[in-house]
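Values in this text are rule-based calculations from the coordinates and carry no lab data. Worth saying up front: this structure is predicted, and the values here are computed from it rather than measured. When we count neighbours, we look across all protein chains shown, and the Cβ atoms used for this are built from the backbone with ideal geometry, even at glycine.
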């Protein structure tokens, strides 16, 4: 692919944003630059409706792999940029066909002309270029319906771009255009997938994880760090808030009925998550819950758990089957890490027969009778939070913060 000097990026859903278009494009360019930080010679610039990446001699394959993980890109194409000269256009189109690993039997040429000063129309360009290819390439025919390769030509004021391959992008919105959410991240399969879906909709995420050492090991914590790092390849920098949950979980185990352990535990998690979300100015909490998957994910359970907070709870996986979630996890690269055999705090105290239809008033009475000092326990847990900042391909910067920012 050394014949290419440019990548043309096509915009996704952000193109529908009207007056906000410029803001979305600027954010997308920022995100592209961030994901290509290892290629300092690359230059990103835009015109209306298009973003261009000038390679400046860089190998194109590593850049293609990075671009596949940038939300807001619907598709992109390696391109050859030439002057407004028909001979150069013809030669570039032929070079693209000759560069293909599998020789095509059929081809098609399409053209789009936004620069009206170019002397050939968008209908004339394919005739001239197609004729040149037929004259200089044996064993190839034109097929306008189902060609093996379509040569796309865009004639714009800044240059003429010739492309042969359209590579699907990640779609969605640029991360950072739709606010911030706090993701409740366990070490399982579901919550990283939920985080990925939030990133796809343009949401910046920070993650919160509840760690019950020594009931859960340091390896379980490391697994969550590794999952967060994988998500950074899709969404850039993410801060992981690790909550010391041992004291709360021990008190719940000691004072609450066994069939309500999970529900009480989740209510405490939600209370802590809401306070952390308010500190970091997140406007919602996201979870990996899927309706009916476990006892704490029935409608009754979710309703009872939600009652303790005011912030909205987003559940992008709510109607997905486990097999669908696993497919996404494999696609985004989190599955192999998620299935490592290190338990999180949600599984170590799971009762044999958890209640699936807990009522809010019942839980309120249980919590009141437990004798637990709720405010003290929550304050102590928040004070002990460890904040780990993760960036794509960067070392971990780990600190315990006494105050939030």
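Odds and ends about this structure:
- Were the residues from residue 83 through residue 110 laid out at 0.36 nm apart, the gain over their Cα-Cα distance would be 7.9 nm.
- For the stretch 6-168: rounded, prolate or oblate by the Cα gyration tensor [a/c cutoff 1.5]: prolate
- Most to least packed among 166-177, 309-320 [average Cβ atoms within 10 Å]: 166-177, 309-320
- Compared with the dominant Cα axis of the chain, that is its longest principal axis, helix 86-99 is turned about 60°.
- Shown for 5, 321: other C-beta atoms within 10 Å of each C-beta, ranked fewest to most, produce the order 321, 5.
- Prolate/oblate/rounded label for the stretch 157-203 (Cα gyration tensor, a/c 1.5): oblate
- Gaussian network model of the chain, springs between alpha carbon atoms under 10 Å - residue of 267, 27, 112 with greatest fluctuation: 112
- FRET E, pair residue 376, residue 321, Förster distance 56 Å, beta-carbon r, rounded to 0.05: 0.85
- Cα centroid separation, the stretch 224-251 to the stretch 33-108 (Å): 37 Å
- Rounded if a/c under 1.5, otherwise prolate or oblate - the stretch 103-241, Cα gyration tensor axes: prolate
- Pairwise label distance in nanometres, residue 142 with residue 279, each label 7 Å out on the Cα-Cβ vector: 6.7 nm
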